[in-house]
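Note sheet for the following structure.
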Amino acid sequence: MKDEAQFSPKQDAEAVSVSDMFNNILNEKIKNGAVEKAIEVKVDEFIKRVADDVFSSWGDLSKLMKEKMTEAIMPTAESLGDIPKYHDFVSKRLKLAAQSFYDDKLVEVLDSELKEIMSEVPDVINLSWLVEQIVDGAKEDESEGEISLHINKSYSSYWIAIDKESDKSEYQCDFRIGLSEDRKTGKLTIFSLKVDGEDCRKSIALGPFYRFEKILYNAYVTNAEFALDQGEHAGDYETEWYYD
């Protein structure tokens with residue numbers, strides 16, 4: 001094993017200050033070309049970085065080359081008039097796929113809705129049952145009271161207005177039901193239904209309906225029978241309640 005080189009001081013540490021020692025060493029390095037060598041290395045590194053930037057994808061040279069190549073290629077592509085535009089093809093395929101999806105989804109949703117509607121429609125909706133449902137809902141808010149009920153006949157039609165609050169006029173009631181009488185059978189069916197002022201025939205989005213509202217709506221859309229089972233006058237029905 002070779003002996004490691006031993007450092008031999010060139011200056012007398014006792015006779016020379018640290019400041020003088022630094023200046024002497026610096027002057028010696030400059031005379032021997034150390035500064036020139038260091039600058040040469042940095043210049044080489046600088047030139048390499050500049051060249052890398054010029055030839056990089058974001059450099060000006062690269063951008064210029066892309067522009068020139070694009071100009072050379074584009075006239076050739078534009079002359080091929082029989083090739084269809086790609087974006088038109090994609091647009092048509094997207095429209096076709098979307099239409100197919102919505103058609104299939106619409107059938108699925110409608111089948112499900114119709115199945116649910118048909119399963120929840122009784123043979124006959126009795127007005128006494130509807131009054132009872134409204135009264136039960138009002139009982140949750142008041143220990144005693146009376147709901148609003150109006151029954152008006154016009155030729156072969158009836159208009160029913162009902163609300164869980166008392167003293168509501170016919171046109172202020174939450175529910176307004178139009179009934180049409182069949183001349184041959186005498187049966188009544190719902191031809192008009194308004195819930196909270198919304199006409200179910202004209203509204204695009206209704207509900208969600210729950211409990212008796214849903215059954216009433218299903219009866220309307222399926223043209224189910226509606227019966228004035230206890231009479232044709234509001235006084236024929238139990239619209240009041242009391243708690244002992």
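Here, each number is a calculation from the coordinates, and none is a lab measurement. Keep in mind it's a predicted model, so treat the numbers as computed, not measured. Neighbour counts run over all protein chains shown; Cβ positions are idealised from the backbone, glycine included.
Descriptive notes on the structure:
- Here each label is just a point 7 Å from Cα along the line to Cβ, and for Asn152 and Leu96 those points are 5.7 nm apart.
- Extension gain (nm, one decimal) between Gln230 and Lys187, 0.36 nm per residue minus Cα-Cα: 14.0 nm
- Karplus (6.51, -1.76, 1.60) ³J(HN,Hα), θ = phi - 60°, over region 196-202, in Hz, Gly and Pro reported as x: 6, x, 9, 6, 5, 6, 9
- Amide proton proximity set for Ile125, modelled H, under 5 Å, gap of 5+: Glu225, Phe226, Ala227
- Distance between the modelled labels on Asp141 and Lys42, one decimal in nanometres: 8.6 nm (7 Å Cα→Cβ projection).
- Length gained on full extension, Glu165 to Glu28, computed as 0.36 nm times the residue gap minus the Cα-Cα distance: 38.6 nm.
- Given Lys164/Lys202; Lys168/Lys214; Lys184/Lys214; Lys10/Lys48; Lys42/Lys63, the pairs whose alpha carbons are separated by over 31 Å: Lys10/Lys48
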